[in-house]
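**Student:** Sharing a structure, written as structure tokens. Questions coming.
Values quoted throughout were computed directly from the atomic coordinates according to the rules given, and no laboratory measurement underlies them. The model shown is predicted, which means the values in this text are computed figures rather than measured ones. Virtual Cβ from ideal backbone geometry, glycine too; neighbours counted across all protein chains shown.
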Amino acid sequence: MADRDDMNDAKNFHLNVPAKTEPFFLKGSHALDWGMQNRLARIFHPQSGKTVMLAIDHGYFQGPTTGLERVDINIVPLLPFADALMLTRGMLRSSIPPSAPRGTVLRASGGPSILKELSNEQIAVDVEDAIRLNAAALAVQVFIGGEFETQSIHNLTRLVDVGNRYGIPVLGVTAVGKNMTRDARYFRLACRICAELGAHFVKTYYIAEDFETVTASCPVPVVMAGGKKLPELEALTMAHKAVQEGAAGVDMGRNIFQSDAPEAMIQAVRKVVHENIKPDEAFEIYQELKNKP
Ligand code: R5P
């Protein structure tokens, strides 16, 4: 039974203080519902407004990629340094401790392997399972200009519909086919299509020329994809430029887990993304951490 003995009639309603209505910190996300914003805040750091996502979903079409042969050994130690982890539900359930990641971005499209036409993907996760896994977002590949362009767009729009129903944000991942030009014009097109069709954030590649026009013309946050392994200083420089040119962080895989020192590298990437430090300073931090006994 509730205890009424100590009820105190003196109350302070702070009548002269207006109720706080804090704007949500992410671009284009102010009109989203509470659950959706809460999930986005598990991916993007509310203080910096940015994210360091660690992408380890490669196996869904290319099997045990170098560096991901043993996720339990190679990836789990990196989790304290990642704001979010992008992966498949199979790898999440089998190899990731439930207490480890802050936000999980669940790979939700798939189908073809590297032996087939990659754009021929379908939705690969039921929203009920994503909820069961407490996913912070769903990720879907969009192949603009690809053979199965319309099908991949349809995957996105269907996931956006279920995501909106249950408060789960959708990440549109712009895939670049072998014969597609990687330039600002292409990425403006691809990112804008994802956002127009409802993606809550978009992942795309960095390009040296006019990347800022890609981020500026996309009304939702853009995270930079890592791409193939580069020397560490180059990868840090690319991440730095992307953030300076409007990216809301990075979603890097091979440039972290294929580094000579993955733990040092992810910490250096964090410095670039969350603290805006220069690439050469970040590289020094990488080397110091790498050489630490
Ligand atoms: C892109 O197609 C997939 O999401 C990849 O499996 C992954 O996210 C790529 O990461 P990275 O290019 O940084 O290794």
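**Student:** Would you mind putting 250-257, 261-268, 116-123 in packing order, based on average other-beta-carbon counts within 10 Å, highest first?
**Tutor:** Final packing ranking: 250-257, 261-268, 116-123.
**Student:** Specify the angular offset, from 0 to 90 degrees and rounded to the nearest 10, of the alpha carbon long axis of helix 184-196 from the longest principal axis of the alpha carbons in the chain.
**Tutor:** 40
**Student:** Rank-order 17-26, 148-157 by packing density, defined as the average count of other C-beta atoms within 10 Å over each peptide's residues, highest first. Working shown, then result.
**Tutor:** Numbers: 17-26: 9.9, 148-157: 18.0.
Highest-to-lowest ranking by the protection proxy: 148-157, 17-26.
**Student:** At 7 Å along the Cα-to-beta-carbon direction for both residue 182 and residue 197, put a label point, then send me their distance in nm to one decimal.
**Tutor:** Each label point lies 7 Å from its Cα, and together they span 2.2 nm.
**Student:** Moving to a separate point now. Can you compute the FRET efficiency between residue 120 and residue 74 using 1/(1 + (r/R0)^6), with r the Cβ-Cβ distance and R0 = 30 Å? Round to the nearest 0.05.
**Tutor:** E between residue 120 and residue 74, to the nearest 0.05, is 0.50.
**Student:** May I pose another question? Taking 0.36 nm per residue of sequence separation and subtracting the Cα-Cα distance, how much length would be gained by fully extending the chain between residue 278 and residue 212, in nm to one decimal? Each step should come with its number before you reach the end.
**Tutor:** Working: separation 66, 0.36 × 66 = 23.76 nm, distance 1.81 nm.
Result: 21.9 nm gained on full extension.
**Student:** Right, something else. Report the full-extension gain for the segment residue 260 to residue 33: residue separation times 0.36 nm, less the Cα-Cα distance, to one decimal in nm.
**Tutor:** Value of the extension gain: 77.6 nm.
**Student:** Which angle from 0 to 90°, rounded to the nearest 10, does the C-alpha axis of helix 149-166 make with the longest principal axis of the chain?
**Tutor:** In the chain, helix 149-166 runs at an angle near 20 degrees to the longest axis.
**Student:** Set the bar at 31 Å for Cα to Cα. Now go through 27/116; 229/271; 116/241; 203/292; 203/290; 27/290 and name every pair that lies beyond it.
**Tutor:** 27/116; 116/241; 203/292; 27/290
**Student:** On a 0 to 90 degree scale, rounded to 10, what angle separates helix 262-275 from the longest Cα axis of the chain?
**Tutor:** Helix 262-275 and the main axis of the chain meet at about 60 degrees.
**Student:** By how many nm would the segment from residue 154 to residue 16 lengthen if fully extended, with 0.36 nm per residue of separation less the alpha-carbon distance?
**Tutor:** 44.6 nm
**Student:** For the chain, give the magnitude of the charge dipole about the Cα centre (Cβ charges: +1 Lys/Arg, -1 Asp/Glu; no others), in debye to the nearest 20.
**Tutor:** About 280 debye.
**Student:** Mind checking which aspartates and glutamates have their Cα closer than 13 Å to the Cα of residue 228? Skip sequence neighbours fewer than 8 apart in that chain.
**Tutor:** Cross-link targets: 251.
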